1. Using alpha-carbon positions, what is the distance between the centroids of the range 500-547 and the range 97-122, in Å?
2. Show the residues, 5+ positions off or on another chain, whose built amide H is closer than 5 Å to the amide H of ALA535.
3. Checking the table LYS58/LYS113; LYS412/LYS575; LYS387/LYS538; LYS439/LYS538; LYS340/LYS544; LYS273/LYS439 against a 31 Å threshold on Cα-Cα, which pairs fail?
4. Among LEU583, TYR117, GLY468, whose Cα projects farthest towards the positive end of the dipole of the chain, with charges put on the beta-carbon of Lys, Arg (+1) and Asp, Glu (-1)?
5. May I ask for the equivalent-ellipsoid semi-axes of the range 346-453, computed as the square root of five times each C-alpha gyration tensor eigenvalue and listed largest first in whole Å?
6. Placing unit charges on C-beta atoms (Lys and Arg positive, Asp and Glu negative, everything else neutral), compute the dipole magnitude of the chain about its Cα centre in debye, rounded to 20.
7. When Lys and Arg each count +1 and Asp and Glu each count -1, what net charge do the other residues less than 12 Å away from PRO80, Cβ to Cβ, add up to?
8. What is the log10 of I(q)/I(0) for the range 495-543, computed with the Debye formula using one identical point scatterer on each Cα and no solvent, at q = 0.15, 0.16, 0.25 Å⁻¹?
Amino acid sequence: MGPQLAEHSGQLGQSGQPKDGLSRRAFAVAALATSAIPLAVAVAGPASAAAPAAKPAKAPKPPKVPPTPDFGPNVQIFDPSTPAATIQAAVDAAAAQQVPAEFGTGRFAFLFKPGTYNADIQLGYYTSVAGLGLSPDDVTINGEIRVEGQQQSDGTVNGLTNFWRSMENLSIVPTDGINWFAVSQAAPIRRVHVKGSLFLFPRQGGYTSGGFIADSVVDSQVINASQQQWLTRDSQVGSWSNAVWNQVFAGVIGAPAQSFPNPPYTTLSTSPKSREKPFLAVDAKGRWQVVVPRLRHDAVGTTWNGGAPTAARTIAIDEFFIARPSDSAHTINKALDQGKHLLFTPGVYQVDRTIRVKHAGTIVLGIGFPTLSPVGGVVPMTVASTKGVQIAGLLFDAGEHNSPVLLQVGDKRGGWSDAGDPTSVQDVFFRIGGAGPGKATTALVVNADNVLLDHIWAWRADHGSGVGWTVNTAETGVIVNGDQVQATGLFVEHFQKYNVIWNGEHGSTIMFQNELPYDPPNQAAYTHHGTLGWAAYKVDNYVKHHEAWGLGSYCFFNVDPTIHVSHSFEVPITKDVVFHDLLTVSLNGDGVIDHVINDVGDPAQGTATVPVNVLRYPPTAS
């Protein structure tokens, strides 16, 4: 999301016992027992020999503490015995480096073992803070985990480019009762318990542009203020205030009632299908593991609130290959071929051949925004058509040679899969340009059936270095060819043709955010087959079943403000392709979107930056 204007507008948990996944054998140390069996001795005189004294019992050995995995120099692990000054110095040093480093190479993860800490943690770019407990309440931060607005050249403060940072699996007791988290895209809040209020905008009152909350609880109020779009799912809030254009809730206790477009709240009572992202944890015996939550249907509230443990399986850390930036793609593939799961530590990985995830149930987890950059135009990662693969916590950054795709899920359209154990792609982000010239035809292609896309941001950069219509070229952000694919939190921006193409049947999207490309040089360069521009979200003409809720698309043609787009949403006209709560906006009046969906909806135009809304398409049920 680049510079733009926004306007201010005025205990349930899933039950069930988790399975450990590690053996729960009891290890007992028995003392050596001595027996009082008298020895027979030869008697040579009147005195008899004395029996030897019994040996003392051996003391039991102290329990062996499992070793801490080597996550490399960019991961720091704290426990309650770590001095508060040491923790503060570490997080302050990272913030000093990362807050201004939008396109830098630094990557950091701070991990907290169960316990209570006092810290004021400011998150900069590519920085993650996570607890290592089995429940968010196992780790308490007294203080704040905050993201601040950034000073602009005109003296204002905003968070429009506060990308790529996260907090996860911990609780926060804010010092003044408020945790400030002024973020835009690619800044997830997962499994967090805010024991106070959560404010999602700069404390100076500036703009912010979209985010994501899942499996979290905010005891008091969430103040959205200038957030233009947001998705909250499977969570609980004390209350929610303010909306700008597009606020979506699914399975959230305390969510505002459905009221789109005034205010623009889209509220689903449940999440139709959801599975939380895998996370690192240390159990009571000091064993490191990755916790893999179970699939839920029609979910309401978090997986953990109310004392019930998250229904999950656990995988011992020694079943993972722990990758570091010095590891080659060949080495990583060898580990995957041996049946290992994969954990990427923070850093930038130069990928000179495709990383191939072939085995069912493989977990690929990144911590601290590990970044995969293809070399020589290779496809950096593919996932076979199989069940239960989970890809989470990665940033794909296109290289200077064009890659046909950055992540491909499924060998071919369809293929074997399992609706009861879908493949998932979570907190996975794509960048073309910005850090330098980058090129990719498509960011993400989903060929497999039964896939969950849960918080995706595919971004053709509109600022930074290596940016321009013929420089950071990219046709399409996301192509879905598989059936039964669900997206929750789909953010796709600035691609030069269709931003999203959906070819599969029975697909669904809950919350979509889009900006069309800023930089078409003229109308002729942005026209195809007699249609002005390209739709943000296209459902193939042959699709019979598709449904989507809470979708927004904006134009800001700052190179040629006279450009028109025929419509932002292009779908077949059939009764089972249904869209709810759509809007289009012309930012500052730079360009016109003639219709919202097909030929329905008034033009989005004019300097007032007022959205055009459509409540339902088709307008009435057939």
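1. Taking the Cα centre of the range 97-122 as reference, the centre of the range 500-547 is 37 Å away.
2. So ALA535 has HN proximity to no qualifying residue.
3. Details: LYS58/LYS113 33 Å; LYS412/LYS575 29 Å; LYS387/LYS538 27 Å; LYS439/LYS538 22 Å; LYS340/LYS544 40 Å; LYS273/LYS439 34 Å.
Over 31 Å Cα-Cα: LYS58/LYS113; LYS340/LYS544; LYS273/LYS439.
4. Highest projection toward the positive end goes to TYR117.
5. Numbers: eigenvalues 111, 42, 23 Å².
Output for the range 346-453: semi-axes of 24, 14, 11 Å.
6. Working: 41 positive and 50 negative charges, 527 e Å.
Value, rounded to 20: 2520 debye.
7. Working: positive: LYS113; negative: ASP79, ASP138.
Overall, the nearby charge balance is -1.
8. -0.47, -0.53, -1.00
The values are calculated or read from the model by the stated rules, or taken from the named source; none is laboratory data. The structure displayed is predicted, hence computed values, not measured ones. Neighbour counts are summed over all protein chains in view; Cβ atoms, including those assigned to glycine, are modelled from backbone coordinates with ideal geometry. For accessibility, only protein heavy atoms count, side chains too; no ligands or nucleic acids. Shrake-Rupley method; radii C 1.70, N 1.55, O 1.52, S 1.80 Å.
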